[in-house]
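Just below is one structure, and these are the notes that go with it.
The values are calculated or read from the model by the stated rules, or taken from the named source; none is laboratory data. Because the structure is a prediction, the values reported are computed rather than measured. Cβ sites come from the backbone with ideal geometry, for glycine too, and all protein chains shown count toward neighbours. The protein model used for the area step is the full one, side chains on, heavy atoms only, and it has no ligands, DNA or RNA in it. Shrake-Rupley method; radii C 1.70, N 1.55, O 1.52, S 1.80 Å.
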Amino acid sequence: MSDYAIIFQVLGAIVALFVIFLTYMSTKTWRWVHVTFMFLVFVASFVFCIYSAMVLKTRAVWIKQHDNLETQLTKVSEELERVTRGDPKDVEGKSESLVSVREEIARTTLDRGRVWRGCMPAGINRQTGAITVNTSPPPDPANPAAGAAKKNNIQPKTILHVFREGQISQDGPIVPVAYLGEFRVAAQPAPTDTSVTLEATMPLSPEQVQSAQAQGTWALYETAPVDGHNWFTGTPQERTQMLADAARLSAERIPPEVANRLIESYTRDGEEAKETDPPENVWYKVIFDQEYDVTVDAPIVNSIDTDPFNTEGQAVLRRLRRGGATPEESGKVVFGPKEGQIHWAVLDRETAQSLVDRMIAKLDPEAKPIYRRRLTDYERRFHAINERTTEVNDRLRQLDLDNKAMLASTQKAEQQRVQIEEFKGKVTADLAKVKYELAELEKYMAALNGRLTAVQTELSHLYQSNKAISQELNELTARLTEDINARTRAATARNP
(Lines give C-alpha, C1' and ligand atoms only; values in the text may rest on other atoms or scores of the structure.)
Protein backbone atom coordinates (compact mmCIF):
# COMPACT_ATOMS: atom_id res chain seq x y z
CA MET A 1 0.00 0.00 0.00
CA SER A 2 2.89 2.34 0.65
CA ASP A 3 3.81 2.16 -3.04
CA TYR A 4 0.46 3.76 -3.98
CA ALA A 5 0.44 6.41 -1.25
CA ILE A 6 1.28 9.23 -3.68
CA ILE A 7 -1.50 8.17 -6.04
CA PHE A 8 -4.09 8.13 -3.26
CA GLN A 9 -2.88 11.50 -2.01
CA VAL A 10 -3.19 13.02 -5.54
CA LEU A 11 -6.66 11.52 -5.99
CA GLY A 12 -7.69 12.84 -2.58
CA ALA A 13 -6.44 16.32 -3.49
CA ILE A 14 -8.36 16.23 -6.83
CA VAL A 15 -11.57 15.11 -5.06
CA ALA A 16 -11.16 17.88 -2.47
CA LEU A 17 -10.70 20.50 -5.18
CA PHE A 18 -13.68 19.10 -7.08
CA VAL A 19 -15.92 19.23 -3.98
CA ILE A 20 -14.77 22.76 -3.21
CA PHE A 21 -15.57 23.71 -6.81
CA LEU A 22 -19.05 22.14 -6.65
CA THR A 23 -19.73 23.82 -3.33
CA TYR A 24 -18.71 27.18 -4.76
CA MET A 25 -20.95 26.66 -7.80
CA SER A 26 -23.84 25.59 -5.53
CA THR A 27 -23.79 28.89 -3.70
CA LYS A 28 -25.72 30.44 -6.57
CA THR A 29 -28.74 28.24 -5.94
CA TRP A 30 -28.23 26.91 -2.33
CA ARG A 31 -28.68 28.73 0.87
CA TRP A 32 -25.63 29.41 3.09
CA VAL A 33 -26.83 26.80 5.59
CA HIS A 34 -26.76 24.09 2.94
CA VAL A 35 -23.38 25.19 1.72
CA THR A 36 -21.95 25.26 5.26
CA PHE A 37 -23.26 21.83 6.19
CA MET A 38 -22.09 20.49 2.85
CA PHE A 39 -18.57 21.72 3.61
CA LEU A 40 -18.69 20.33 7.16
CA VAL A 41 -19.89 16.95 5.88
CA PHE A 42 -17.00 16.92 3.44
CA VAL A 43 -14.48 17.76 6.19
CA ALA A 44 -15.99 15.13 8.51
CA SER A 45 -15.87 12.56 5.70
CA PHE A 46 -12.22 13.46 5.05
CA VAL A 47 -11.35 13.15 8.74
CA PHE A 48 -13.28 9.88 8.92
CA CYS A 49 -11.30 8.53 5.98
CA ILE A 50 -8.04 9.50 7.68
CA TYR A 51 -9.00 7.79 10.96
CA SER A 52 -10.30 4.78 9.07
CA ALA A 53 -6.98 4.49 7.28
CA MET A 54 -5.11 4.80 10.59
CA VAL A 55 -7.33 2.16 12.19
CA LEU A 56 -6.83 -0.12 9.21
CA LYS A 57 -3.08 0.39 9.39
CA THR A 58 -3.01 -0.16 13.16
CA ARG A 59 -5.11 -3.31 12.82
CA ALA A 60 -2.76 -4.64 10.13
CA VAL A 61 0.26 -3.94 12.36
CA TRP A 62 -1.35 -5.58 15.39
CA ILE A 63 -2.40 -8.60 13.35
CA LYS A 64 1.18 -8.92 12.14
CA GLN A 65 2.53 -8.49 15.68
CA HIS A 66 -0.03 -11.01 16.92
CA ASP A 67 1.14 -13.56 14.36
CA ASN A 68 4.78 -12.84 15.23
CA LEU A 69 4.13 -13.11 18.96
CA GLU A 70 2.22 -16.36 18.41
CA THR A 71 5.24 -17.71 16.52
CA GLN A 72 7.64 -16.40 19.15
CA LEU A 73 5.48 -17.85 21.95
CA THR A 74 5.60 -21.24 20.28
CA LYS A 75 9.37 -20.98 19.87
CA VAL A 76 9.86 -19.71 23.43
CA SER A 77 7.65 -22.47 24.79
CA GLU A 78 9.68 -25.03 22.91
CA GLU A 79 12.92 -23.34 24.03
CA LEU A 80 11.67 -23.21 27.63
CA GLU A 81 10.83 -26.88 27.51
CA ARG A 82 14.21 -27.65 25.96
CA VAL A 83 16.05 -25.51 28.51
CA THR A 84 14.04 -26.96 31.38
CA ARG A 85 14.03 -30.64 30.46
CA GLY A 86 16.43 -30.89 27.54
CA ASP A 87 16.08 -31.68 23.86
CA PRO A 88 13.72 -34.66 23.37
CA LYS A 89 15.76 -35.67 20.33
CA ASP A 90 19.00 -35.66 22.33
CA VAL A 91 18.98 -39.27 23.47
CA GLU A 92 22.57 -39.17 24.77
CA GLY A 93 21.86 -36.07 26.86
CA LYS A 94 24.72 -33.98 25.48
CA SER A 95 22.82 -30.67 25.66
CA GLU A 96 22.45 -28.99 29.05
CA SER A 97 19.10 -28.28 30.68
CA LEU A 98 17.84 -26.86 33.95
CA VAL A 99 17.27 -30.35 35.29
CA SER A 100 20.73 -31.54 34.25
CA VAL A 101 22.38 -28.43 35.68
CA ARG A 102 20.52 -28.90 38.96
CA GLU A 103 21.67 -32.51 39.05
CA GLU A 104 25.21 -31.40 38.29
CA ILE A 105 25.05 -28.80 41.07
CA ALA A 106 23.71 -31.47 43.42
CA ARG A 107 26.58 -33.79 42.50
CA THR A 108 29.07 -30.95 42.83
CA THR A 109 27.83 -29.92 46.28
CA LEU A 110 27.31 -33.52 47.43
CA ASP A 111 30.43 -33.53 49.62
CA ARG A 112 30.24 -29.88 50.64
CA GLY A 113 27.98 -30.47 53.62
CA ARG A 114 26.10 -27.66 55.31
CA VAL A 115 27.33 -24.07 55.08
CA TRP A 116 26.41 -21.08 57.22
CA ARG A 117 27.32 -17.79 55.55
CA GLY A 118 27.28 -14.24 56.84
CA CYS A 119 28.03 -15.24 60.45
CA MET A 120 29.18 -12.49 62.81
CA PRO A 121 31.73 -13.07 65.63
CA ALA A 122 30.18 -11.70 68.81
CA GLY A 123 33.07 -11.98 71.26
CA ILE A 124 35.96 -14.02 72.58
CA ASN A 125 36.60 -15.46 76.01
CA ARG A 126 40.08 -14.29 76.99
CA GLN A 127 40.54 -17.12 79.48
CA THR A 128 39.46 -20.11 77.37
CA GLY A 129 39.87 -18.63 73.89
CA ALA A 130 36.32 -19.68 72.93
CA ILE A 131 34.61 -17.54 70.28
CA THR A 132 30.89 -16.83 70.19
CA VAL A 133 29.47 -16.57 66.64
CA ASN A 134 25.99 -15.42 65.60
CA THR A 135 24.77 -17.54 62.69
CA SER A 136 21.82 -15.22 61.98
CA PRO A 137 21.71 -11.42 61.90
CA PRO A 138 19.94 -9.75 64.84
CA PRO A 139 16.26 -8.79 64.25
CA ASP A 140 15.77 -5.45 62.58
CA PRO A 141 13.36 -3.26 64.61
CA ALA A 142 12.63 -1.21 61.49
CA ASN A 143 11.57 -4.34 59.59
CA PRO A 144 9.39 -6.52 61.84
CA ALA A 145 8.01 -8.30 58.80
CA ALA A 146 11.33 -10.07 58.30
CA GLY A 147 10.20 -12.77 60.71
CA ALA A 148 12.14 -14.97 63.09
CA ALA A 149 15.76 -15.88 62.43
CA LYS A 150 16.47 -19.19 60.72
CA LYS A 151 17.59 -22.02 63.01
CA ASN A 152 21.14 -23.23 62.45
CA ASN A 153 20.52 -26.82 63.70
CA ILE A 154 24.15 -27.11 64.84
CA GLN A 155 24.81 -29.78 67.45
CA PRO A 156 27.54 -29.76 70.15
CA LYS A 157 30.94 -31.25 69.23
CA THR A 158 30.32 -30.55 65.54
CA ILE A 159 33.57 -29.88 63.68
CA LEU A 160 33.43 -26.69 61.60
CA HIS A 161 35.94 -25.16 59.19
CA VAL A 162 35.81 -21.38 59.52
CA PHE A 163 36.64 -18.85 56.79
CA ARG A 164 36.63 -15.06 56.86
CA GLU A 165 34.54 -13.60 54.04
CA GLY A 166 35.28 -10.62 51.82
CA GLN A 167 34.62 -9.06 48.43
CA ILE A 168 37.00 -9.33 45.51
CA SER A 169 35.59 -6.07 44.11
CA GLN A 170 33.16 -3.45 45.38
CA ASP A 171 30.30 -4.89 43.33
CA GLY A 172 31.47 -8.51 43.53
CA PRO A 173 29.95 -11.31 45.62
CA ILE A 174 31.03 -12.09 49.17
CA VAL A 175 33.30 -15.14 49.14
CA PRO A 176 35.68 -16.85 51.61
CA VAL A 177 39.09 -15.16 51.51
CA ALA A 178 41.03 -16.50 54.53
CA TYR A 179 41.06 -19.80 56.41
CA LEU A 180 40.75 -19.18 60.15
CA GLY A 181 41.09 -22.78 61.32
CA GLU A 182 39.22 -25.85 62.45
CA PHE A 183 36.87 -25.42 65.42
CA ARG A 184 34.64 -27.59 67.57
CA VAL A 185 31.21 -26.48 68.78
CA ALA A 186 31.38 -26.25 72.57
CA ALA A 187 28.86 -28.13 74.68
CA GLN A 188 28.94 -25.43 77.37
CA PRO A 189 27.46 -23.00 76.71
CA ALA A 190 25.17 -25.07 74.53
CA PRO A 191 24.53 -23.83 70.98
CA THR A 192 21.31 -21.93 70.40
CA ASP A 193 19.20 -21.50 67.29
CA THR A 194 21.09 -18.36 66.32
CA SER A 195 24.54 -18.66 67.92
CA VAL A 196 27.31 -21.15 68.71
CA THR A 197 30.48 -21.13 70.78
CA LEU A 198 33.57 -22.37 68.95
CA GLU A 199 36.76 -23.85 70.38
CA ALA A 200 39.86 -24.29 68.25
CA THR A 201 40.86 -27.93 67.76
CA MET A 202 44.40 -26.89 66.87
CA PRO A 203 46.54 -23.93 67.94
CA LEU A 204 45.98 -20.96 65.64
CA SER A 205 48.90 -19.39 63.84
CA PRO A 206 49.61 -15.67 64.32
CA GLU A 207 48.31 -15.05 60.79
CA GLN A 208 45.03 -16.82 61.57
CA VAL A 209 44.64 -14.85 64.83
CA GLN A 210 45.28 -11.59 62.98
CA SER A 211 42.82 -12.53 60.22
CA ALA A 212 40.18 -13.50 62.82
CA GLN A 213 40.50 -10.08 64.44
CA ALA A 214 39.85 -8.31 61.12
CA GLN A 215 36.44 -6.87 60.31
CA GLY A 216 34.09 -9.01 58.26
CA THR A 217 31.64 -11.89 58.33
CA TRP A 218 32.53 -15.56 58.68
CA ALA A 219 31.49 -18.67 56.78
CA LEU A 220 31.14 -21.96 58.67
CA TYR A 221 31.66 -25.16 56.65
CA GLU A 222 30.63 -28.52 58.06
CA THR A 223 33.04 -30.21 55.64
CA ALA A 224 36.35 -28.91 54.37
CA PRO A 225 36.22 -27.71 50.73
CA VAL A 226 36.65 -30.52 48.21
CA ASP A 227 39.15 -30.02 45.42
CA GLY A 228 38.26 -30.76 41.80
CA HIS A 229 39.29 -30.13 38.22
CA ASN A 230 36.03 -28.46 37.14
CA TRP A 231 35.53 -25.82 39.81
CA PHE A 232 36.84 -22.95 37.66
CA THR A 233 35.17 -22.29 34.29
CA GLY A 234 35.96 -19.90 31.47
CA THR A 235 39.07 -19.29 29.41
CA PRO A 236 42.55 -19.42 31.00
CA GLN A 237 42.66 -15.62 30.90
CA GLU A 238 39.32 -15.35 32.73
CA ARG A 239 40.39 -17.91 35.32
CA THR A 240 43.72 -16.13 35.79
CA GLN A 241 41.97 -12.80 36.35
CA MET A 242 39.47 -14.37 38.77
CA LEU A 243 42.19 -16.09 40.82
CA ALA A 244 44.41 -13.00 40.71
CA ASP A 245 41.56 -10.92 42.15
CA ALA A 246 41.13 -13.49 44.93
CA ALA A 247 44.89 -13.58 45.60
CA ARG A 248 44.95 -9.81 46.13
CA LEU A 249 42.79 -10.30 49.23
CA SER A 250 45.56 -12.47 50.73
CA ALA A 251 48.53 -10.53 49.37
CA GLU A 252 49.77 -9.72 52.88
CA ARG A 253 50.06 -13.46 53.68
CA ILE A 254 51.06 -15.01 50.34
CA PRO A 255 54.30 -13.99 48.58
CA PRO A 256 53.68 -12.95 44.95
CA GLU A 257 55.86 -15.71 43.50
CA VAL A 258 53.95 -18.39 45.47
CA ALA A 259 50.59 -16.88 44.47
CA ASN A 260 51.59 -16.78 40.78
CA ARG A 261 52.72 -20.41 40.91
CA LEU A 262 49.42 -21.50 42.47
CA ILE A 263 47.37 -19.44 40.01
CA GLU A 264 49.24 -20.98 37.06
CA SER A 265 48.62 -24.53 38.33
CA TYR A 266 44.86 -23.84 38.57
CA THR A 267 44.46 -21.91 35.30
CA ARG A 268 46.44 -24.42 33.23
CA ASP A 269 44.48 -27.38 34.59
CA GLY A 270 42.97 -29.17 31.59
CA GLU A 271 45.01 -27.19 29.05
CA GLU A 272 47.75 -28.43 26.73
CA ALA A 273 50.81 -29.67 28.60
CA LYS A 274 54.29 -28.21 28.20
CA GLU A 275 57.57 -30.05 27.79
CA THR A 276 58.75 -28.68 31.13
CA ASP A 277 55.78 -30.10 33.06
CA PRO A 278 56.50 -32.95 35.51
CA PRO A 279 55.54 -36.39 34.11
CA GLU A 280 53.02 -36.98 36.90
CA ASN A 281 51.06 -33.89 35.75
CA VAL A 282 50.86 -34.90 32.07
CA TRP A 283 47.79 -36.96 31.10
CA TYR A 284 46.87 -38.56 27.79
CA LYS A 285 43.63 -39.32 25.96
CA VAL A 286 43.27 -42.98 25.03
CA ILE A 287 40.68 -44.78 22.89
CA PHE A 288 39.70 -48.27 24.01
CA ASP A 289 39.96 -51.12 21.52
CA GLN A 290 39.01 -53.82 24.04
CA GLU A 291 36.68 -54.07 27.00
CA TYR A 292 38.23 -52.89 30.24
CA ASP A 293 36.53 -52.44 33.62
CA VAL A 294 37.65 -50.45 36.65
CA THR A 295 36.40 -50.93 40.21
CA VAL A 296 35.40 -47.56 41.65
CA ASP A 297 33.71 -48.66 44.91
CA ALA A 298 35.87 -49.54 47.88
CA PRO A 299 35.13 -52.69 49.91
CA ILE A 300 32.53 -52.09 52.61
CA VAL A 301 34.03 -52.05 56.11
CA ASN A 302 31.50 -51.95 58.93
CA SER A 303 33.46 -49.95 61.47
CA ILE A 304 32.81 -46.57 63.01
CA ASP A 305 36.57 -45.93 63.12
CA THR A 306 36.99 -46.36 59.37
CA ASP A 307 38.41 -43.29 57.68
CA PRO A 308 36.30 -42.30 54.59
CA PHE A 309 39.39 -42.38 52.41
CA ASN A 310 40.81 -44.99 50.07
CA THR A 311 44.39 -44.90 48.82
CA GLU A 312 43.26 -46.08 45.36
CA GLY A 313 40.66 -43.34 45.00
CA GLN A 314 37.69 -45.67 45.41
CA ALA A 315 34.43 -44.43 46.91
CA VAL A 316 33.92 -45.29 50.58
CA LEU A 317 30.86 -43.23 51.53
CA ARG A 318 27.53 -44.78 50.55
CA ARG A 319 26.26 -41.67 48.78
CA LEU A 320 29.32 -41.69 46.52
CA ARG A 321 29.20 -45.37 45.60
CA ARG A 322 28.23 -46.26 42.05
CA GLY A 323 26.46 -49.56 42.63
CA GLY A 324 25.14 -51.66 39.77
CA ALA A 325 22.22 -53.64 38.39
CA THR A 326 23.95 -56.98 39.03
CA PRO A 327 26.57 -58.09 41.57
CA GLU A 328 29.06 -58.48 38.72
CA GLU A 329 28.56 -54.86 37.63
CA SER A 330 28.44 -53.46 41.17
CA GLY A 331 30.99 -50.72 41.69
CA LYS A 332 32.54 -51.01 38.22
CA VAL A 333 32.93 -48.71 35.23
CA VAL A 334 33.23 -50.48 31.88
CA PHE A 335 35.28 -49.03 29.01
CA GLY A 336 35.30 -50.45 25.50
CA PRO A 337 34.37 -49.96 21.83
CA LYS A 338 30.85 -51.40 22.14
CA GLU A 339 27.65 -49.41 22.38
CA GLY A 340 26.80 -48.41 25.94
CA GLN A 341 30.44 -48.52 26.99
CA ILE A 342 32.73 -45.56 27.52
CA HIS A 343 34.88 -45.29 24.40
CA TRP A 344 37.69 -43.03 25.64
CA ALA A 345 39.27 -41.65 28.80
CA VAL A 346 41.98 -39.22 29.91
CA LEU A 347 44.52 -41.07 32.05
CA ASP A 348 47.86 -40.43 33.68
CA ARG A 349 51.02 -41.38 31.85
CA GLU A 350 51.71 -44.64 33.69
CA THR A 351 48.15 -45.98 33.34
CA ALA A 352 47.86 -44.92 29.69
CA GLN A 353 51.20 -46.54 28.81
CA SER A 354 50.19 -49.73 30.61
CA LEU A 355 46.94 -49.97 28.61
CA VAL A 356 48.76 -49.24 25.37
CA ASP A 357 51.40 -51.90 26.10
CA ARG A 358 48.66 -54.44 26.83
CA MET A 359 46.93 -53.43 23.55
CA ILE A 360 43.72 -52.60 25.42
CA ALA A 361 43.73 -48.98 24.25
CA LYS A 362 45.67 -46.66 21.99
CA LEU A 363 46.65 -43.03 22.25
CA ASP A 364 44.38 -40.61 20.42
CA PRO A 365 46.58 -39.25 17.59
CA GLU A 366 44.51 -36.06 17.34
CA ALA A 367 44.62 -35.23 21.07
CA LYS A 368 47.57 -33.48 22.66
CA PRO A 369 48.89 -34.22 26.16
CA ILE A 370 46.89 -32.48 28.89
CA TYR A 371 48.21 -30.80 32.01
CA ARG A 372 46.46 -32.04 35.17
CA ARG A 373 47.33 -30.56 38.53
CA ARG A 374 47.38 -32.87 41.50
CA LEU A 375 44.23 -32.56 43.61
CA THR A 376 44.59 -31.48 47.23
CA ASP A 377 42.84 -32.95 50.23
CA TYR A 378 42.39 -29.60 51.97
CA GLU A 379 41.40 -31.03 55.35
CA ARG A 380 44.47 -33.25 55.51
CA ARG A 381 46.56 -30.40 54.14
CA PHE A 382 45.25 -28.06 56.85
CA HIS A 383 46.10 -30.64 59.51
CA ALA A 384 49.52 -31.26 57.98
CA ILE A 385 50.22 -27.53 57.80
CA ASN A 386 49.08 -27.10 61.41
CA GLU A 387 51.29 -29.99 62.55
CA ARG A 388 54.19 -28.59 60.57
CA THR A 389 53.49 -25.11 61.95
CA THR A 390 53.39 -26.50 65.49
CA GLU A 391 56.63 -28.36 64.87
CA VAL A 392 58.26 -25.25 63.40
CA ASN A 393 56.99 -23.10 66.29
CA ASP A 394 58.35 -25.61 68.81
CA ARG A 395 61.63 -25.65 66.94
CA LEU A 396 61.63 -21.85 66.86
CA ARG A 397 61.00 -21.73 70.61
CA GLN A 398 63.84 -24.21 71.16
CA LEU A 399 66.07 -22.21 68.85
CA ASP A 400 65.04 -19.06 70.70
CA LEU A 401 66.05 -20.66 74.01
CA ASP A 402 69.30 -21.86 72.45
CA ASN A 403 69.83 -18.40 71.02
CA LYS A 404 69.25 -16.80 74.41
CA ALA A 405 71.65 -19.31 75.99
CA MET A 406 74.19 -18.57 73.28
CA LEU A 407 73.72 -14.84 73.84
CA ALA A 408 74.21 -15.32 77.58
CA SER A 409 77.31 -17.44 76.92
CA THR A 410 78.52 -14.88 74.42
CA GLN A 411 77.94 -12.11 76.96
CA LYS A 412 79.88 -14.02 79.60
CA ALA A 413 82.59 -14.79 77.08
CA GLU A 414 82.67 -11.11 76.20
CA GLN A 415 83.03 -10.22 79.87
CA GLN A 416 85.82 -12.76 80.20
CA ARG A 417 87.42 -11.37 77.07
CA VAL A 418 87.30 -7.89 78.58
CA GLN A 419 88.84 -9.20 81.79
CA ILE A 420 91.47 -11.07 79.80
CA GLU A 421 92.16 -7.90 77.84
CA GLU A 422 92.59 -6.06 81.14
CA PHE A 423 94.86 -8.84 82.42
CA LYS A 424 96.70 -8.76 79.12
CA GLY A 425 97.19 -5.00 79.47
CA LYS A 426 98.48 -5.41 82.98
CA VAL A 427 100.71 -8.33 81.96
CA THR A 428 101.94 -6.29 79.01
CA ALA A 429 102.77 -3.41 81.39
CA ASP A 430 104.45 -5.86 83.78
CA LEU A 431 106.33 -7.36 80.85
CA ALA A 432 107.53 -3.93 79.80
CA LYS A 433 108.66 -3.25 83.35
CA VAL A 434 110.33 -6.67 83.56
CA LYS A 435 112.05 -6.06 80.25
CA TYR A 436 113.21 -2.69 81.56
CA GLU A 437 114.43 -4.24 84.79
CA LEU A 438 116.05 -7.05 82.79
CA ALA A 439 117.84 -4.50 80.67
CA GLU A 440 118.95 -2.67 83.82
CA LEU A 441 119.99 -5.95 85.36
CA GLU A 442 121.93 -6.80 82.23
CA LYS A 443 123.64 -3.43 82.45
CA TYR A 444 124.29 -3.96 86.14
CA MET A 445 125.48 -7.49 85.43
CA ALA A 446 127.81 -6.17 82.74
CA ALA A 447 129.12 -3.65 85.24
CA LEU A 448 129.50 -6.38 87.85
CA ASN A 449 131.22 -8.60 85.31
CA GLY A 450 133.66 -5.77 84.57
CA ARG A 451 134.16 -5.20 88.26
CA LEU A 452 134.57 -8.94 88.77
CA THR A 453 137.13 -9.12 86.03
CA ALA A 454 139.01 -6.22 87.59
CA VAL A 455 138.81 -7.77 91.06
CA GLN A 456 139.84 -11.13 89.64
CA THR A 457 142.78 -9.47 87.91
CA GLU A 458 143.68 -7.65 91.08
CA LEU A 459 143.28 -10.85 93.10
CA SER A 460 145.46 -12.62 90.55
CA HIS A 461 148.10 -10.01 91.03
CA LEU A 462 147.69 -10.21 94.81
CA TYR A 463 147.85 -13.98 94.62
CA GLN A 464 151.02 -13.88 92.61
CA SER A 465 152.40 -11.23 94.98
CA ASN A 466 151.35 -13.24 98.02
CA LYS A 467 152.79 -16.34 96.43
CA ALA A 468 156.10 -14.57 95.90
CA ILE A 469 155.97 -13.21 99.45
CA SER A 470 155.09 -16.68 100.72
CA GLN A 471 157.99 -18.10 98.83
CA GLU A 472 160.27 -15.45 100.21
CA LEU A 473 158.77 -16.11 103.66
CA ASN A 474 159.42 -19.78 103.29
CA GLU A 475 162.93 -19.14 102.17
CA LEU A 476 163.41 -16.70 105.05
CA THR A 477 161.85 -19.19 107.45
CA ALA A 478 164.13 -21.88 106.12
CA ARG A 479 167.17 -19.71 106.53
CA LEU A 480 166.08 -18.64 109.99
CA THR A 481 165.40 -22.23 110.92
CA GLU A 482 168.76 -23.26 109.59
CA ASP A 483 170.37 -20.37 111.35
CA ILE A 484 168.58 -21.20 114.60
CA ASN A 485 169.50 -24.78 114.28
CA ALA A 486 173.11 -23.86 113.62
CA ARG A 487 173.18 -21.59 116.63
CA THR A 488 171.56 -24.24 118.74
CA ARG A 489 174.15 -26.80 117.74
CA ALA A 490 176.88 -24.31 118.35
CA ALA A 491 175.56 -23.51 121.78
CA THR A 492 175.24 -27.12 122.59
CA ALA A 493 178.74 -27.69 121.48
CA ARG A 494 180.03 -25.04 123.81
CA ASN A 495 178.27 -26.31 126.75
CA PRO A 496 178.67 -30.07 126.78
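One residue stands out among those in the range 349-370 that are within 20 Å of Gly270 (Cα to Cα) and polar (S, T, N, Q): the one that is most open to solvent (accessible area, probe 1.4 Å), which is Gln353.
Consider the range 152-171. How many of its residues are under 20 Å from the mean Cα position of the chain (by Cα) and loosely packed, with under 12 Cβ neighbours inside 10 Å? Lay out the reasoning, then the answer.
First pass over the range 152-171, keeping only residues under 20 Å from the mean Cα position of the chain (by Cα): 160-169.
Right, trim to loosely packed, with under 12 Cβ neighbours inside 10 Å and you get 169.
The number of residues fulfilling the criteria is 1.
Among the residues of the range 267-285, count how many are crowded, with 18+ Cβ neighbours inside 10 Å and under 22 Å from the mean Cα position of the chain (by Cα). Adding up the residues that qualify gives 4. Of all residue pairs spaced 6 or more apart or on separate chains, those with beta-carbon atoms under 7 Å, a first member in the range 345-366 that is under 8 Å from Val286 (Cα atoms) and a second member that is among the acidic types (Asp, Glu) and open to solvent by less than 90 Å² (accessible area, probe 1.4 Å) are Ala361/Asp289; Lys362/Asp289.
Does Thr390 meet the test of being closer than 30 Å to Ser205 by Cβ and surrounded by 10 or more Cβ atoms within 10 Å (Cβ to Cβ)? Taking the combined requirement at face value, the residue satisfies it. Just one of the listed residues (Val47, Val33) is exposed (fewer than 10 other Cβ atoms within 10 Å of the Cβ) and either modelled with pLDDT of 85 or more or farther than 30 Å from Gly340 by Cβ (or both), and it is Val33. Evaluating Ile7 against the criteria (1) assigned to a helix (DSSP H, G or I); (2) surrounded by 10 or more Cβ atoms within 10 Å (Cβ to Cβ) leaves one unmet condition, (2). Of the residues that make up the range 400-412, is at least one closer than 30 Å to Val162 by Cβ and not aromatic (Phe, Trp, Tyr)? Within the range 400-412, one or more residues are closer than 30 Å to Val162 by Cβ and not aromatic (Phe, Trp, Tyr).
Residue pairs, Cβ under 9 Å, 6 or more apart or interchain, first in the range 82-93 and of a type in the set (S, T, N, Q) and assigned to a loop (DSSP other than H, G, I, E, B), second open to solvent by 60 Å² or more (accessible area, probe 1.4 Å) and modelled with pLDDT under 80. List them. Cβ pairs passing all conditions: none. Val392 meets all of the listed conditions (1) modelled with pLDDT of 90 or more; (2) more than 24 Å from Asn281 (Cα to Cα) but one, namely (1).
For the condition over 30 Å from Leu22 (Cβ atoms) and at pLDDT below 80, Arg85 qualifies. Within the range 173-208, the set of residues being within 21 Å of the chain's Cα centre (by Cα), open to solvent by 20 Å² or more (accessible area, probe 1.4 Å) and closer than 25 Å to Pro137 by Cβ comprises Pro173, Ile174, Val175, Pro176, Val177, Tyr179, Ala200, Gln208. Of all residue pairs spaced 6 or more apart or on separate chains, those with beta-carbon atoms under 8 Å, a first member in the range 266-281 that is closer than 18 Å to Leu243 by Cβ and in contact (Cβ under 8 Å) with a residue 12 or more places away in the chain and a second member that is exposed (fewer than 14 other Cβ atoms within 10 Å of the Cβ) and not charged (D, E, K, R) are Asp269/His229; Gly270/His229. Being open to solvent by less than 60 Å² (accessible area, probe 1.4 Å), of a type outside the set (S, T, N, Q) and under 36 Å from the mean Cα position of the chain (by Cα) is a description that applies to Val346.
Filtered by the rule that a residue be farther than 30 Å from Glu271 by Cα, open to solvent by less than 40 Å² (accessible area, probe 1.4 Å) and not in a strand (DSSP E or B), the range 215-246 gives Gly216, Thr217.
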